[in-house]
């Protein structure tokens, strides 16, 4: 069986191949260049193997706010007064229905229901229910679309996070941002098309680079992590004694050697490697400017909250995300750990919300006031939800919740998504979906759709098999789209 390289070696086009495919390939390329004027400059594949947009997109870019650990929908957005009424009583067997439990609670002899300790109110003209933990998010509910019927296939963190970020529970697949970079290219010449920001010094479930990796796609499509501190991108700066002109000359001669090597081996990864070298050289001048937020006005810092001036915090990263998309970065992923609350949930979730609520709302308002929200898709959510019953001991002031893949809440904003809407519903126990289920693949298909991509056509052949982000199924959720 041929690997990726072998597949590409065989795909050498003759003059007859070119003439037979030109009418379709060049036409698609021309349409793509109209949608993206920089398409030619980026040297995209002339015969269309890199797809380009399939139709006119509603979104030009996406900011994905990934809340790692599984935020409890029952404490934040999914109001279930029945749980408070039945607090301490056993969850009915017909509600659980023999569903799989994690190893952390499967041995419990009792599964008492637990209601949220936090008050809920309806907000905005839409009347969306939001917990007191999220006052800033509550103030913008009419700009949001809540999906309360999300569900996933995985019950533990690593496969669940890998699944929602790459479309597979197993490592090795390209991430959402990598697929977007592959399918749509970049809108700038000096920054990566896919940037990753991780909250600094947060404990929680580990975040592996495969969540923003390229998988089997060429390596130039992987996410580039920007870090807080003196060196935002590792190994980007020149070593002591190496000048900018000497580095430029080095890259020039290196490219000549690599071109000779590429002509001999036809290895497509050589081109990817050279593009990464070129991008790294350009980033030496572009990254310091984008990371310098000192010229942001005071009202912006007030909007994002007190942590906005502390590099590496969620608030600082949210502000940086806005700056990145202003410069043409197509996909920005923010990762914030700490939502895995098997115990001590009331105290721990309050801390999480204090760190993220204001910056999240500020980012959406900031995009809106700059006219960017209309073509920027914002996605907020974790890898799964939490159980209606408590994990461990239930006391009047403390409890925990286990992993729950059967239902959870996410929200989206901007870029043609209906606003002031709550889509789908769970049962009165917040345990099963009662209306309009949305699978992880459906979410992924919808995100791609808003960016002008047909998820069934964004395909990459690897080791003889055609892969896509949504793999074998997935449907665009048209009901949430304007």
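List pairs: first residue in the stretch 243-270 and within 15 Å of residue 220 (Cβ to Cβ), second residue not in a helix (DSSP H, G or I) anywhere in the structure, Cβ distance under 8 angstrom, at least six positions apart or on different chains.
Once the first residue is within 15 Å of residue 220 (Cβ to Cβ) and sits in the stretch 243-270, its partners that are not in a helix (DSSP H, G or I) give 268/218; 269/218.
What is the number of the single condition among (1) surrounded by 24 or more Cβ atoms within 10 Å (Cβ to Cβ); (2) at negative phi; (3) under 19 Å from the mean Cα position of the chain (by Cα) that residue 414 does not meet?
It is condition (2) that residue 414 fails.
Looking at (1) part of a helix (DSSP H, G or I); (2) at pLDDT below 95, which is the one condition that is false for residue 98?
(1)
From the set of residues in the stretch 64-94 that are part of a helix (DSSP H, G or I) and touching a helix residue (DSSP H, G or I) at 6+ places or on another chain (Cβ under 9 Å), which is surrounded by the fewest Cβ atoms within 10 Å (Cβ to Cβ)? So that I can check it myself, show each step before the final result.
Just the residues of the stretch 64-94 that are part of a helix (DSSP H, G or I), to begin with: 73-76, 81-85, 93-94.
Within this subset, residues satisfying the condition of being touching a helix residue (DSSP H, G or I) at 6+ places or on another chain (Cβ under 9 Å) are 74-76, 83.
Values: 74: 29, 75: 25, 76: 28, 83: 22.
Checked the stretch 64-94; the qualifying residue surrounded by the fewest Cβ atoms within 10 Å (Cβ to Cβ) is 83.
Give the residue, chosen from 210, 227, that is assigned by TED's automatic domain parsing to the domain that holds residue 383 and closer than 26 Å to residue 468 by Cβ. Even if it seems obvious, please write down each step before you answer.
Values: 227 fails: closer than 26 Å to residue 468 by Cβ.
Going through 210, 227 in turn, just one is assigned by TED's automatic domain parsing to the domain that holds residue 383 and closer than 26 Å to residue 468 by Cβ: 210.
Filter the stretch 103-131 for residues that are in contact (Cβ under 8 Å) with a residue 12 or more places away in the chain and over 17 Å from residue 74 (Cβ atoms) and give the result.
First, the residues of the stretch 103-131 that are in contact (Cβ under 8 Å) with a residue 12 or more places away in the chain: 104-105, 108, 110-121, 123-126, 128-131.
Matches in the stretch 103-131: 104, 108, 110, 123, 124, 125, 126.
Among the residues of the stretch 138-151, are any over 17 Å from the mean Cα position of the chain (by Cα), in the same structural domain as residue 422 (by TED's automatic domain parsing), free of Cβ contacts under 8 Å to residues at least 40 places away in the same chain and not in a loop (DSSP other than H, G, I, E, B)?
yes
Can you find a residue that is under 26 Å from residue 138 (Cα atoms), assigned to a helix (DSSP H, G or I) and modelled with pLDDT under 95 anywhere in the stretch 361-370? Lay out the reasoning, then the answer.
Filtering the stretch 361-370 down to residues under 26 Å from residue 138 (Cα atoms) leaves 361-370.
Keeping just the survivors that are assigned to a helix (DSSP H, G or I) gives 361-369.
Right, trim to modelled with pLDDT under 95 and you get none.
No: the stretch 361-370 contains no residue that is under 26 Å from residue 138 (Cα atoms), assigned to a helix (DSSP H, G or I) and modelled with pLDDT under 95.
Go through 424, 452 for me and flag whichever is in the same structural domain as residue 58 (by TED's automatic domain parsing) and under 30 Å from residue 342 (Cβ atoms).
Numbers: 452 fails: under 30 Å from residue 342 (Cβ atoms).
None of the other options fit; the residue is 424.
Could you list, in sequence order, all residues of the stretch 391-413 that are more than 22 Å from residue 68 (Cβ to Cβ) and either part of a helix (DSSP H, G or I) or touching a helix residue (DSSP H, G or I) at 6+ places or on another chain (Cβ under 9 Å) (or both)? Give the derivation first.
Step one: filter the stretch 391-413 for residues more than 22 Å from residue 68 (Cβ to Cβ), giving 393-398.
Within the stretch 391-413, 397, 398 meet the criteria.
Checking the condition at positive phi and either assigned to a helix (DSSP H, G or I) or under 20 Å from the mean Cα position of the chain (by Cα) (or both), which residue from 229, 215 passes? Let's see the steps before the verdict.
Details: 229 fails: either assigned to a helix (DSSP H, G or I) or under 20 Å from the mean Cα position of the chain (by Cα) (or both).
Sole residue among the options that is at positive phi and either assigned to a helix (DSSP H, G or I) or under 20 Å from the mean Cα position of the chain (by Cα) (or both): 215.
The values are calculated or read from the model by the stated rules, or taken from the named source; none is laboratory data. Note that the coordinates shown come from a computational prediction; the quantities given were computed from them, not determined experimentally. So basically every Cβ, Gly included, is an ideal-geometry build from the backbone, and we count neighbours across all protein chains shown.
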